[in-house]
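Notes to accompany the following structure.
FYI, it's all coordinate maths here, none of it is from the lab. All values reported here derive from a predicted model rather than from experimental measurement. Note that each Cβ is placed from the backbone with ideal geometry, even for glycine, and that neighbours are counted across all protein chains shown.
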Amino acid sequence: MADETNTTPEAPESTQAPEVHEFKAEMKQLLHLIIHSLYTHEEIFLRELISNASDALNKIRFRMLTDRDVVDADAEQRIDIKLDKNENTLVLTDTGVGMTKDDLLRRIGTVASSGTLEFVQELKKQDGPVDASMIGQFGVGFYSAFMVADTITVDTRHADKDSQGLRWTSDGGGSYTIEETDRTERGTTITLHLKEDKGEFAEEWRVKSIIRKYSNFVDFPVHVDGELVNTVDALWHKSKSDITDEQLTEFYKFVSNDTDEPLGHLQLSLEGVVSFKALLFIPRKAPRDMFQEDYKYGVHLYSSKVFIQDDAKNLLPDWCRFVKGVVDTEDLPLNVSREVTQNSPVLAKIRKILTGKILGLLEEWAEGEPEKFATFSKEFGPLFKSGIQFEFEHRDQMIDLFRFESSIKDKGEWTGFGAYADRMPSDQDKIYYVLADGREAALRNPNMEYFTANDMEVLLMTEPVDAFIMPGIPKYKDFDLVSIESSDLKLDKKKKGGLKKGETKKLVERFKDVLGDRVEDVRSSDRLVDSAVTLVTGTAGMDAQMERVMKMMDESFEGSKKVLEVNTAHPLIKNLSALRDVPGQEERIKEAIEQLYEGALLLEGSLDNPADFVRRMMAFMEQSTKPAPEEGAE
């Protein structure tokens with residue numbers, strides 16, 4: 001609802017001739033530097049002016065805790081902005097502590113210090129880019145307004161009752177003037193006479209959007225032409241006990257532009273080596289563009305409730321890009337533009353703390369709220385897992401939180417390495433897994449047959465990211481992680497009913513003769529129960545799922561050779577062995593071996609030429625469906 005109160009004072013009358021003061025430093029050069037080198041966006045000027053106004057209001061609020069003998073002791077503490085499109089002006093007024101003449105000379109004139117002059121002279125000697133962080137010590141934020149204004153007038157009166165109204169005026173050239181006025185109100189009014197091509201900053205919609213972006217959470221109400229603009233509370237500065245669930249949801253929707261409630265949140269207020277406050281949220285659903293390269297991070301960086309940066313990538317690791325919220329620190333050594341923060345050691349410390357706290361929250365969910373953690377794993381598991389490739393300090397903590405489906409669990413249930421290890425029989429010392437396109441594909445994998453027959457659990461890794469992370473996780477605590485497709489898989493329980501050793505050797509040799517260098521090796525299988533053959537990973541190869549992913553990324557990628565394992569207890573394999581002693585069956589045996597090999601390729605999704613496979617299948621079907629010859633016929 002619009003606030004019709006307008007506390008902006010009328011322009012005071014001058015009571016004496018203006019004093020002209022020359023800037024001691026090379027002001028024109030410095031202003032040129034401010035306008036063209038330090039600020040990425042012109043709109044930053046309004047953030048700077050509102051920040052200064054908020055500081056002035058905080059000073060009077062603090063003073064009045066013990067001393068109310070000030071000008072306008074009962075005045076509402078607020079910031080007002082008046083816009084005039086016809087006059088092309090922006091007028092900002094605060095009811096803060098105000099300034100004395102000494103303040104105008106020293107504080108607004110800080111830019112004219114000898115240190116600034118030395119800095120500008122040093123710049124003349126440099127050919128490289130401006131080190132903006134060095135300029136921050138000179139506090140030239142006020143002068144950013146000259147990016148949009150031809151002339152700036154500052155009318156002010158200090159809170160002391162014997163103070164005098166004053167006016168400071170400058171066009172950003174080599175001088176400024178100071179004169180006394182008949183101003184009676186406490187505080188400061190800054191009038192920007194906008195440049196001809198900067199009329200957008202006299203438009204309500206433009207100014208309001210800037211305030212909501214940069215200054216929405218300052219401590220005091222900000223009105224534009226009588227309407228309150230900053231309507232959302234800075235919840236991260238409140239005690240946890242003072243915040244309702246409804247407020248948290250409203251705040252989350254404000255910072256995230258999401259319409260759903262968040263899955264959960266984390267609120268921090270830390271003081272020590274680095275001090276900061278944070279209010280972070282984990283969304284309920286993953287955004288569709290989460291894996292795109294240009295995805296915008298959702299954490300906003302503030303300094304004392306003043307917006308510094310959105311898309312703050314340095315505050316969290318990449319696997320946390322889905323997190324939304326706010327981080328606010330007074331420790332950040334900001335440069336004059338408050339934008340170049342990438343190399344700040346403060347941010348590095350905050351990042352380390354936040355990462356640990358977020359992992360701690362996820363551990364709490366995994367332990368105490370399994371349904372919530374299952375939702376997190378379903379929505380953000382792939383991105384979370386991908387972080388293991390770059391995260392070293394929190395590696396073990398993250399691996400404990402990885403979740404997969406299992407061969408002994410119902411569809412949709414999740415489990416981790418730790419729970420698997422707790423369920424293992426005492427005589428098992430390995431954790432087994434299989435990579436696949438999905439649960440059904442994993443369970444149909446011929447290499448699962450031994451484990452199913454012996455009631456041994458296998459983790460079903462069905463997300464594409466699993467194929468990338470598993471080569472980098474050889475062990476979980478004291479247990480080796482072993483793919484059931486590994487060629488050197490050692491299985492304790494041998495099956496019975498296979499061919500004799502000599503028959504097996506002869507048949508394996510025949511397979512090798514037919515397949516040649518298309519396979520790394522052919523050997524008898526201990527893992528197959530119902531299938532005749534299977535392909536497993538060679539000594540230096542990748543799992544079939546990993547190869548499929550690599551081929552999707554690079555069509556020219558050629559996978560490594562596989563090992564073909566033969567189930568010598570299967571009736572088909574026994575039949576082939578028996579055919580070796582039947583004259584004239586060499587071609588038939590060869591065709592059967594080719595069909596078995598290509599069938600294994602088909603099952604793992606890597607059969608490149610199905611035409612020969614289908615032709616051969618039709619020939620076998622034709623042979624098997626011929627009518628039996630009549631008795632006595634040749």
Estimated FRET transfer efficiency (Asp429, Thr452; beta-carbon r; R0 25 Å; 0.05): 0.80
Approximate spin-label separation Val232-Lys490, in nm, with each point projected 7 Å along Cα-to-Cβ: 5.9
Taking 0.36 nm per residue of separation and subtracting the Cα-Cα distance, what length does fully extending Thr151 through Ala286 add? 43.7 nm
The aspartates and glutamates whose Cα lies under 17 Å from the Cα of Lys198, excluding any fewer than 8 residues away in the same chain, are Glu42, Glu43, Asp84, Glu87, Asp150, Asp171
For a Förster distance of 51 Å, can you work out the FRET efficiency between the beta-carbons of Lys240 and Asp480, rounded to the nearest 0.05? 0.70
Quick check on my link table: of Lys285/Lys372; Lys253/Lys349; Lys285/Lys477; Lys253/Lys296; Lys506/Lys590, which ones sit more than 23 Å apart, alpha carbon to alpha carbon? Lys253/Lys349; Lys285/Lys477
Ser486 long-range amide H proximity, modeled H, under 5 Å: Thr537
What lysines does Lys101 reach when the alpha-carbon gap must be under 20 Å and sequence neighbours fewer than 8 apart in one chain are set aside? Lys24, Lys59, Lys161
Tally Lys/Arg at +1 and Asp/Glu at -1 over every other residue whose Cβ is under 12 Å from the Cβ of Asp289; what's the total? +1
Virtual spin-label span in nm between Asp422 and Arg616, 7 Å along Cα→Cβ: 4.8
By how many nm would the segment from Arg518 to Ala75 lengthen if fully extended, with 0.36 nm per residue of separation less the alpha-carbon distance? 150.7 nm
Going from the fewest other Cβ atoms within 10 Å to the most, one would list Val614, Val71, Val529 as Val614, Val529, Val71
Tell me, what ³J(HN,Hα) does each residue in the stretch 43-48 have, in order and in whole Hz, if you take phi through Karplus 6.51 cos²θ - 1.76 cosθ + 1.60 with θ = phi - 60° and put x for Gly and Pro? 4, 4, 4, 5, 4, 5
With R₀ set to 30 angstrom, the calculated FRET efficiency between the beta-carbons of Glu10 and Asp331, to the nearest 0.05, is 0.10
Report the full-extension gain for the segment Glu591 to Gln389: residue separation times 0.36 nm, less the Cα-Cα distance, to one decimal in nm. 68.2 nm
Using label points projected 7 Å from each Cα along Cα→Cβ, tell me how many nm separate Phe468 and Ser606, to one decimal. 2.0
According to the square roots a ≥ b ≥ c of the eigenvalues of the Cα gyration tensor, what is the shape class of the stretch 462-519, taking rounded for a/c under 1.5, prolate for a/b larger than b/c otherwise, and oblate for the remainder? oblate
